[in-house]
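J.: Below you will find the structure I want to go over with you.
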Amino acid sequence: MGLTAEYSSSNIIGSIINVPLSPIQKLVSTVRNKVGETVAMFKDINSIKQENESLKEEVERLRKENRELKEFKLKKEELESLLNIKNQFNEYDPIGANIIAKDPGNWFITFKIDRGTNDGVDVNFPVINSDGLVGRVAACHPFSSQVVALIDAGTTVSAKISRTRDPVRVRGDLALKDEGLCIVDYIPPDTDIQVGDTVETSGLGGIYPKGIIIGTIIEIREISNQLNKYALVKPAVDFRRLENVLVLMRKTE
């Protein structure tokens, strides 16, 4: 009886001690696990941040390479255009120029380039780019020159229809310059001029060499009570976005 009573008392005391410890141990274990998970999560976050930084650096590197490739492609195209122009106009020495100033407005009608008499540039030298005819040099200074564009109201160019070879005249027009268009007139009555025809310089007049693309016919208009007609031409050059041009300098012996 004594042993049984003693054993029972021990069991009761053990139960009293053990019963509350079981939830506490679970709680401690749970907290420990949560802390471990949180620490692991922060480690993962730091790792992700590092990966993101690495990815950002890689993206920026690729963007830089892409920009450099685009610049290289543009330079290559410019050099190819310059070579083609040199081959086409072998009696001229093209010289590149940057536009450094322009008159107010959206269109490049009169503007200044960074080439002048010190570079051999002179008045009435033709100005072109890879798309076609830009205009001519109107005034020169030692380190700069003023260029008057094709769409200026005072510009006239001896031209021809590329398809038919018929002679025409292209001129700027005050009412059309804000649309970036020119007029084609002096069209022979029997000329088969059509919308979509290309117009190019004829080489007559002493300023522009033949074969420079001027633009495309977009509309043909009849003059009331007259047999003749005129047309509207959209220049090949975008006179809203000009940065660089070529001045055609005649070769000297």
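Just so it is clear, none of the values below were taken in a lab; they were calculated from the coordinates. This structure is a prediction, so every number in the text was calculated from the model and none was measured. Please note: Cβ atoms are built from the backbone with ideal geometry, for glycine as well, and neighbour counts cover all protein chains shown.
J.: Among Thr252, Gly211, Pro126, flag the residue with its Cα farthest along the positive direction of the charge dipole of the stretch 95-253, charges on Cβ as +1 for Lys/Arg and -1 for Asp/Glu.
T.: Thr252
J.: Let me ask something else. Mind checking the dipole of the stretch 86-173: about its Cα centre, +1 per Lys or Arg Cβ, -1 per Asp or Glu Cβ, Debye to the nearest 20?
T.: On the way: 10 positive and 10 negative charges, 61 e Å.
Its charge dipole is roughly 300 debye.
J.: Given +1 on the Cβ of Lys and Arg, -1 on the Cβ of Asp and Glu, and no further charges, what dipole in debye does the stretch 95-253 carry about its Cα centre, rounded to the nearest 20?
T.: Details: 18 positive and 20 negative charges, 45 e Å.
So the magnitude is around 220 debye.
J.: Please give the Cα centre distance for the stretch 152-214 versus the stretch 59-79, rounded to the nearest Å.
T.: So the separation of the two Cα centres works out to 37 Å.
J.: For the stretch 186-253, just say rounded, prolate or oblate: build the C-alpha gyration tensor, square-root its eigenvalues into a ≥ b ≥ c, call rounded for a/c under 1.5, and beyond that prolate if a/b exceeds b/c, oblate if not.
T.: Details: a/c = 3.07, a/b = 1.68, b/c = 1.82.
Oblate, since a/c reaches 1.5 and b/c is not below a/b.
J.: If you add up the charges near Leu69, with Lys and Arg at +1 and Asp and Glu at -1, over every other residue whose beta carbon is less than 14 angstrom from its beta carbon, what do you get? List each step's numbers first, then the result.
T.: Details: positive: Arg61, Arg63, Lys64, Arg67, Lys70, Lys73, Lys75, Lys76; negative: Glu65, Glu68, Glu71, Glu77.
The answer is +4.
J.: Can you tell me which aspartates and glutamates have their Cα less than 13 Å from the Cα of Lys177? Leave out same-chain residues fewer than eight positions away.
T.: Filter leaves Asp152, Asp238.
J.: On to the next question. Taking 2.2 N^0.38 Å as the expected size of a compact globular protein, what ratio does the Cα radius of gyration of the stretch 95-253 give against it, to two decimals?
T.: Details: Rg = 15.8 Å, N = 159, 2.2 N^0.38 = 15.1 Å.
That works out to 1.05 for the stretch 95-253.
J.: Can you tell me how the stretch 84-125 classifies by the Cα gyration tensor, rounded, prolate or oblate, using a/c under 1.5 as the rounded cut?
T.: Prolate, since a/c reaches 1.5 and a/b exceeds b/c.
J.: Simple spin-label model, 7 Å along Cα-to-Cβ: Glu243 to Ile100 in nm?
T.: Placing both labels 7 Å along Cα→Cβ, they lie 1.8 nm apart.
J.: Between beta-carbons, use under 13 Å as the cut-off and find the net charge around Met249, counting Lys and Arg +1, Asp and Glu -1. Mind showing how you got there, number by number?
T.: Values: positive: Lys86, Arg115, Arg136, Arg250, Lys251; negative: Glu91, Asp93, Asp119, Asp122.
Local net charge: +1.
J.: Would you calculate the separation in nanometres between label points at Asp93 and Asp178, each defined as 7 Å from the Cα along the Cα-to-beta-carbon direction?
T.: Distance between label points: 4.3 nm.
J.: Answer rounded, prolate or oblate for the stretch 39-123, using the Cα gyration tensor with square roots of eigenvalues a ≥ b ≥ c: rounded when a/c is under 1.5, else prolate when a/b is larger than b/c, else oblate. Provide the component values of the computation, followed by the final result.
T.: Details: a/c = 5.08, a/b = 2.68, b/c = 1.90.
It comes out prolate by the Cα gyration axes.
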